[in-house]
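The values are calculated or read from the model by the stated rules, or taken from the named source; none is laboratory data. Because the structure is a prediction, the values reported are computed rather than measured. We place every Cβ from the backbone using ideal geometry, glycine too, and count neighbours over all the protein chains shown. In case anyone asks, the SASA skips ligands and DNA or RNA and just uses the protein heavy atoms, side chains included. Shrake-Rupley method; radii C 1.70, N 1.55, O 1.52, S 1.80 Å.
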Amino acid sequence: MNTEEFLIERTIKLYESETGWGDSEEWTNQDFVILSEKIQERTGVALSHVTLKRVWGKVKYESLPNTHTLDTLVQFLGYENWREFKSRNGNGNATAKTVKQIINNGHHIEVKSEPKKGGILVKTVLFIVVPVISVLIIIFINKGKPKVADNEYSFSSKKVVSEGLPNSVIFNYDATKSPYDSVIIQQSWDSHLQVKVSKYQHQHTSIYYYPDYYKAKLIVGGKIVSMHRLLIKSNGWLPIVAQSPVPVYFNKEDVMKDGKMSLSADQIQARNIKMQPDPPTVMYSNVKDFGEIYSDDFVFETSVKDDYREGAAICQVTKLYILCEGTAVGIPLCAKGCISNIDLLFTNFYTTGKQEDLSAFGVDFNSFVKVRVVSKNRKASIFLNDKLVYSVNKDIIKSKIIGFNFTFQGTGSVDYVKLSNGKVNYEDDF
């Protein structure tokens with residue numbers, strides 16, 4: 001392993017610690033999608049989840065990541081750029097300076113070298129010694145760690161109600177053989193939804209506020225020992241104004257009118273939700289078992305309109321999600337001048353308006369916009385108002401479709417929704 005490869009491995013370990021998601025060998029495609037979003041939120045730079053999977057070795061890639069990718073990865077960790085990360089973590093280029101911060105699980109080692117005339121010799125020695133010492137530290141630390149065997153633990157759950165939100169879930173677990181007094185139950189990919197529980201107890205309950213497909217995890221000593229799927233169904237269309245920690249729910253009868261699904265600004269403000277200076281995000285979600293229909297073979301059609309264009313909602317950012325198990329299809333729409341800030345997701349395919357011309361997704365919301373998506377044989381075509389605007393010819397994976405999520409900056413309306421593949425035919429015109 002050369003120095004660059006060693007430092008990339010070091011970066012991956014730091015990400016495991018920073019995210020709190022545990023061993024990245026267990027990370028799913030959705031974890032990398034979310035990590036991509038978190039990196040963009042923190043650094044302002046978009047790295048696709050496919051790029052991240054290449055760095056993590058999940059996708060075959062012959063060459064090392066480019067400097068732009070490496071700079072962005074370590075900026076998320078608080079470094080200025082890859083050069084600073086290398087100098088602070090031992091890049092073999094130090095001469096008379098102290099090589100600091102070879103950090104493994106909180107352990108700091110200092111390797112000091114005295115100034116000598118034989119600078120090349122010092123560089124060579126450090127180039128070899130720093131990685132070797134770091135590997136020895138990892139071995140030493142892991143040797144002292146108690147072993148955790150997956151088959152010694154059990155983890156299951158049951159929902160309090162079969163459909164509808166909010167929904168409490170009862171987790172049943174047996175972690176009595178844990179070498180630690182407490183273990184962790186994680187509701188989904190989000191490390192903020194973790195809770196420590198006693199290894200001597202056997203039940204814990206959690207509340208889910210949004211319908212979706214989740215992977216609940218039991219974590220012992222930083223290792224995921226058990227994980228299972230959890231589908232939180234919405235019981236039909238669920239209108240939500242997203243906020244933390246608890247969203248604001250509306251009755252579906254409040255938004256179904258005149259053959260459309262629509263939530264007015266007056267209805268939102270009647271719940272004491274301000275439209276300015278930070279416009280709310282309105283969501284219409286419908287999560288259920290649609291039957292045997294998958295992301296690589298379907299036809300989806302809808303007609304939508306963003307109804308709010310005041311103040312900070314000038315961009316009218318709208319996102320249409322076709323939710324799948326562990327991934328999603330995300331089609332963006334926005335005002336024509338705002339396409340730089342949008343991104344497009346199609347299971348394993350990802351692109352952003354900062355790296356590619358997505359101007360076709362800039363629309364006029366003075367009238368409804370018809371959206372049609374055709375996916376067949378791992379290739380997809382996206383149409384707006386019956387015009388082909390984008391094609392996806394790679395990185396489409398097969399994943400079961402489990403719902404829709406329409407999000408609007410401010411608020412918006414949906415005229416109808418259709419989903420089919422010849423066997424499954426779903427249609428709703430409200």
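Matching residues to (1) closer than 20 Å to T318 by Cα; (2) among the aliphatic types (A, V, I, L, M):
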{"position": "D364", "(1), (2)": "yes, no"}
{"position": "V371", "(1), (2)": "yes, yes"}
{"position": "V374", "(1), (2)": "yes, yes"}
{"position": "N377", "(1), (2)": "no, no"}
{"position": "Y390", "(1), (2)": "yes, no"}
{"position": "K394", "(1), (2)": "no, no"}
{"position": "I397", "(1), (2)": "no, yes"}
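Can you spot a residue in region 321-335 that is under 19 Å from S285 (Cα atoms) and among the charged types (D, E, K, R)? For region 321-335, residues under 19 Å from S285 (Cα atoms) and among the charged types (D, E, K, R): present.
The set of residues in region 171-198 that are under 18 Å from Y210 (Cα atoms), of a type in the set (S, T, N, Q), part of a loop (DSSP other than H, G, I, E, B) and out of contact with any Leu (no Cβ under 6 Å at 6 or more places or on another chain) contains only S188.
For G412, the requirement of being surrounded by 15 or more Cβ atoms within 10 Å (Cβ to Cβ) and over 24 Å from the mean Cα position of the chain (by Cα) is met.
In the set (1) open to solvent by 10 Å² or more (accessible area, probe 1.4 Å); (2) of a type in the set (A, V, I, L, M, F, W, C); (3) over 19 Å from Q355 (Cβ atoms), the condition left unmet by F85 is number (1). Please go through region 20-32 and pick out each residue that is part of a helix (DSSP H, G or I) and open to solvent by 10 Å² or more (accessible area, probe 1.4 Å). Those that are part of a helix (DSSP H, G or I) and open to solvent by 10 Å² or more (accessible area, probe 1.4 Å): E25, E26, N29, Q30. Set side by side, the residues Y426, Y390 differ, and just one is surrounded by fewer than 21 Cβ atoms within 10 Å (Cβ to Cβ), in contact with a helix residue (DSSP H, G or I) (Cβ under 8 Å, 6 or more places away or on another chain) and in a strand (DSSP E or B), which is Y390. Scanning region 255-272 for residues that are part of a loop (DSSP other than H, G, I, E, B) and open to solvent by 20 Å² or more (accessible area, probe 1.4 Å) turns up D258, G259, S264, A270, R271, N272.
Could you list all residues from region 397-409 that are touching a helix residue (DSSP H, G or I) at 6+ places or on another chain (Cβ under 8 Å), surrounded by fewer than 23 Cβ atoms within 10 Å (Cβ to Cβ) and within 27 Å of K274 (Cβ to Cβ)? Residues satisfying the conditions do not exist here. Return the residue satisfying two criteria in turn: it lies in region 38-53 and is open to solvent by 40 Å² or more (accessible area, probe 1.4 Å) and basic (K, R), and of such residues it is nearest to G78 (Cα to Cα). Looking at the filtered set, the residue picked out is R42.
Can you say whether S168 is open to solvent by 30 Å² or more (accessible area, probe 1.4 Å) and assigned to a loop (DSSP other than H, G, I, E, B), as far as the supplied structure shows? No.
Only one residue in K233, K223, K217, K252 is touching a Pro at 6+ places or on another chain (Cβ under 8 Å), modelled with pLDDT under 95, surrounded by 13 or more Cβ atoms within 10 Å (Cβ to Cβ) and not aromatic (F, W, Y). Which one? Going through K233, K223, K217, K252 in turn, the sole match is K252. For region 327-338, the criterion of being modelled with pLDDT under 95, more than 25 Å from G410 (Cα to Cα) and in contact with a Ser or Thr (Cβ under 9 Å, 6 or more places away or on another chain) is met by at least one residue.
When L238 is tested against (1) out of contact with any strand residue (DSSP E or B) (no Cβ under 9 Å at 6 or more places or on another chain); (2) at pLDDT 90 or above, exactly one condition is not met: (1).
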